[in-house]
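This report concerns only the one structure given below.
The values are calculated or read from the model by the stated rules, or taken from the named source; none is laboratory data. The structure displayed is predicted, hence computed values, not measured ones. Quick reminder, even Gly has a Cβ in these numbers, built from the backbone with ideal geometry, and neighbours come from all protein chains shown.
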Amino acid sequence: MKPSKAGTAAVLRSEDFKVAKGRPQLAVTGVAPVANDGNALELLLVFDDAASPYLQGEIPEIGRFITDQRANTLVGLAWLHAAGAEMAVLPTVDHKRAIQACTRRMTRQLDLMYF
């Protein structure tokens with residue numbers, strides 16, 4: 001799925017998701033938007049280390065996305081790499097901390113590529 005640059009949210013369909021338990025891929029039978037009912041939401045943003053250099057210019061947009069979440073939304077960040085996954089920030093309502101961790105991690109990954 002390609003991101004929308006038109007300022008509108010992309011419409012996600014069940015075929016945009018891949019879910020696996022063990023080895024076989026499972027069918028996604030439906031996707032429903034999260035209701036804006038005031039209940040707390042837990043959001044985990046997962047980035048691939050290989051994409052970090054390409055996402056460097058998107059840090060302000062990622063920050064805005066995190067900032068735009070409701071105050072009671074827990075935001076966590078994780079990075080995928082060859083050896084597995086690494087949690088950079090456990091889900092927290094401290095959105096500023098999540099944005100800072102994202103910026104630090106992407107900047108550090110870019111620095112490692114050039115040294």
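In the set (1) part of a helix (DSSP H, G or I); (2) touching a strand residue (DSSP E or B) at 6+ places or on another chain (Cβ under 6 Å), residue 90 fails one condition alone, (1).
Yes or no, residue by residue, for (1) in a loop (DSSP other than H, G, I, E, B); (2) at pLDDT below 75; (3) surrounded by 13 or more Cβ atoms within 10 Å (Cβ to Cβ):
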| site | (1), (2), (3) |
| --- | --- |
| 15 | no, no, no |
| 46 | no, no, no |
| 57 | no, no, no |
| 60 | no, no, no |
| 79 | no, no, yes |
| 100 | no, no, yes |
| 104 | no, no, no |
| 111 | no, yes, no |
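The single condition among (1) closer than 15 Å to residue 96 by Cβ; (2) free of Cβ contacts under 8 Å to residues at least 40 places away in the same chain that residue 78 does not meet is (1). Screening the candidates 83, 71 for the property of being loosely packed, with under 11 Cβ neighbours inside 10 Å and either in contact (Cβ under 8 Å) with a residue 12 or more places away in the chain or aromatic (Phe, Trp, Tyr) (or both) yields one hit, 71. For the stretch 51-68, filtered to residues that are small (Gly, Ala, Ser) and free of Cβ contacts under 8 Å to residues at least 24 places away in the same chain, the residue that is nearest to residue 103 (Cα to Cα) is 57. For residue 69, the conditions (1) under 13 Å from the mean Cα position of the chain (by Cα); (2) of a type outside the set (A, V, I, L, M, F, W, C); (3) at pLDDT below 85 all hold with the exception of (3).
Going by what's in this entry, would residue 34 be described as exposed (fewer than 10 other Cβ atoms within 10 Å of the Cβ) and either in contact with a helix residue (DSSP H, G or I) (Cβ under 9 Å, 6 or more places away or on another chain) or at pLDDT below 75 (or both)? Judged against the criteria, residue 34 is a match. Give me a count of the residues in the stretch 81-98 that are touching a helix residue (DSSP H, G or I) at 6+ places or on another chain (Cβ under 9 Å), at pLDDT below 85 and hydrophobic (A, V, I, L, M, F, W, C). Number satisfying all stated conditions: 1.
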